[in-house]
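Participant: Sharing a structure, written as structure tokens. Questions coming.
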């Protein structure tokens with residue numbers, strides 16, 4: 001054990017070794033296990049299984065070379081272990097848990113979080129994990145799926161050259177579309193390294209033109225049926241990403257109809273079987289020939305109908321007057337042409353004469369309506385109007401002045417000032433109203449008497 005196992009301890013003297021307690025060493029080992037290894041999946045056989053009254057389960061996981069102590073703690077309120085598979089000695093299981101150290105015994109163990117049956121269970125877990133990952137990246141989105149060509153000229157088959165699936169596909173392609181060129185890209189579809197070969201085969205099919213091979217229009221990748229382990233290569237991420245990166249549309253045809261692989265979800269089209277894939281990628285030449293025959297019959301019928309219609313039209317024209325008397329029609333047309341030519345020769349002279357007369361009339365009218373003469377007349381009319389306006393204004397002003405003087409003289413004679421000048425007075429209430437009755441001047445009221453040369457304010461003492 002290194003002397004720097006605990007960095008927070010003071011360094012001992014040069015010749016004195018650092019001595020650790022058992023607890024310190026155990027905790028250091030526990031920390032290293034939990035931080036550097038952490039959570040792992042482990043597969044093995046259960047032995048020494050026991051379940052305590054507390055609900056905790058203890059067992060040893062072993063294989064041919066070693067063993068590992070495991071504990072599955074019971075969760076409170078209906079533990080998670082109750083949802084696991086029932087455990088017993090001799091079971092082959094896969095467990096997921098965190099490596100740690102039970103310090104009281106100094107024994108390293110696995111604190112189990114999940115238990116599942118060995119073999120297929122782990123494969124299913126890996127399948128679901130990769131499926132969720134690729135789905136989150138959008139590799140399964142329908143928007144990115146490429147359509148298959150309706151009439152492909154060439155097809156690449158990425159599959160085993162010795163499998164029954166290849167023979168089935170070749171037979172169906174030869175029967176349905178014998179003119180379609182088929183290129184076989186041989187790969188292994190099972191065993192270690194097969195996933196890499198499948199991915200390389202897909203990439204190679206996309207690069208045929210670069211490799212000097214006539215390009216293809218669609219790729220079919222797949223194999224025949226088998227167990228989940230046999231089909232597993234088509235669940236590998238490298239195959240899924242090769243399909244997603246393909247510029248050509250890819251059809252996945254793996255196993256039987258009930259088998260689903262990651263390749264099926266990523267591919268542009270999933271075929272339930274390789275034979276179905278062969279039927280999906282090419283149309284049936286027999287159906288096409290029958291359709292061509294139907295179209296040819298329709299075209300022939302339409303062509304015969306058009307010929308009959310044109311014949312009837314021609315017969316109708318032959319019975320017409322134009323067809324029976326073409327010479328007379330041509331003579332009449334020639335005569336009308338001559339008359340039109342004569343009219344055209346006479347018409348320019350008439351047009352010129354009319355234009356000449358219009359020009360003469362225009363010159364005479366211009367001379368009659370000379371602008372300088374019209375301007376002089378307008379000026380005279382303007383001067384006359386100005387004089388009339390001036391005279392009218394002067395007369396109107398004189399009339400208004402006379403009416404004002406007359407009204408002023410009448411006001412001077414009849415107005416209150418003239419009455420006051422003759423010795424009369426006017427009595428006003430406090431609000432300025434003229435008092436014309438004793439009822440308007442009650443005792444205590446203030447009144448004003450207006451005379452010729454001023455006003456006198458007084459208070460009413462009593463009523464008369």
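Participant: Note down the relative contact order for segment 420-459 as a percent, whole number, built from C-alpha pairs under 8 angstrom at least six residues apart.
Facilitator: 40 percent
Participant: Moving on. To the nearest 500 deg cm²/dmol, what mean residue ellipticity at 222 nm is calculated for the chain from DSSP H runs of n ≥ 4 alone, each contributing -39,500 (n - 2.57), summed and divided by the residues?
Facilitator: On the way: 12 runs with 211 residues, N = 464.
The per-residue figure over the chain is -15500 deg cm²/dmol.
Participant: Can you tell me how much longer the chain between residue 428 and residue 228 gets when fully stretched, taken as 0.36 nm per residue apart minus their C-alpha distance, in nm with one decimal?
Facilitator: 59.3 nm
Participant: Okay, moving on. Please report the equivalent ellipsoid semi-axes of the chain, computed as sqrt(5 x eigenvalue) of the Cα gyration tensor, largest first, in whole Å.
Facilitator: Taking √(5λ) for each eigenvalue gives 111, 73, 25 Å, largest first.
Participant: Okay, moving on. So what's the angle, to the nearest 10 degrees on a 0 to 90 scale, between helix 164-176 and the longest Cα principal axis of the chain?
Facilitator: 50 degrees
Participant: Oh, and also: Can you tell me the relative contact order of segment 24-76? Whole percent, Cα pairs under 8 Å, sequence separation 6 or more.
Facilitator: Answer for segment 24-76 is 24 percent.
Participant: At 37 °C and 0.692 mPa s, grab the translational diffusion coefficient of segment 22-116 from Stokes-Einstein with a Kirkwood Rh over Cα pairs, rounded to a whole number in µm² per second.
Facilitator: 238 µm²/s
Participant: Taking the Cβ of each residue in 169, 91 as the centre, tally the other Cβ atoms inside 10 Å and list the residues starting with the fewest.
Facilitator: Least to most surrounded, the residues fall as 91, 169.
Participant: Quick one: helix 194-206 against the long Cα principal axis of the chain, what's the angle to the nearest 10°, folded into 0 to 90?
Facilitator: Tilt relative to the chain: about 40 degrees.
Participant: What is the chain's relative contact order, in percent, from Cα pairs under 8 angstrom and six or more apart in sequence?
Facilitator: In percent, rounded to a whole number, it is 8.
Participant: Where both residues lie in the chain, what percent of DSSP beta bridges are antiparallel, nearest 5?
Facilitator: Antiparallel: roughly 65 percent of the beta bridges in the chain.
Participant: Can you give me the angle between helix 22-36 and the longest principal axis of the chain, using Cα atoms only, in degrees from 0 to 90, rounded to the nearest 10?
Facilitator: So the inclination is approximately 60 degrees.
Participant: Using only Cα atoms, figure out Rg for segment 126-283 and give it as a multiple of 2.2 N^0.38 Å.
Facilitator: That works out to 0.95 for segment 126-283.
Participant: Starting from the Cα gyration tensor of segment 420-459, take the square roots of the eigenvalues, sort them a ≥ b ≥ c, and report rounded, prolate or oblate (rounded when a/c is under 1.5, otherwise prolate if a/b is larger than b/c, else oblate).
Facilitator: prolate
Participant: Right, here's the next one. Among 268, 259, 287, which comes first, then next, by fewest other beta-carbon atoms within 10 Å?
Facilitator: 287, 259, 268
No value in this document is a laboratory result; all are computed from the given coordinates. The structure presented is a predicted model; accordingly, all values stated were derived computationally and were not measured. Glycine also receives a Cβ, built like all others from the backbone with ideal geometry; neighbour counts cover every protein chain displayed.
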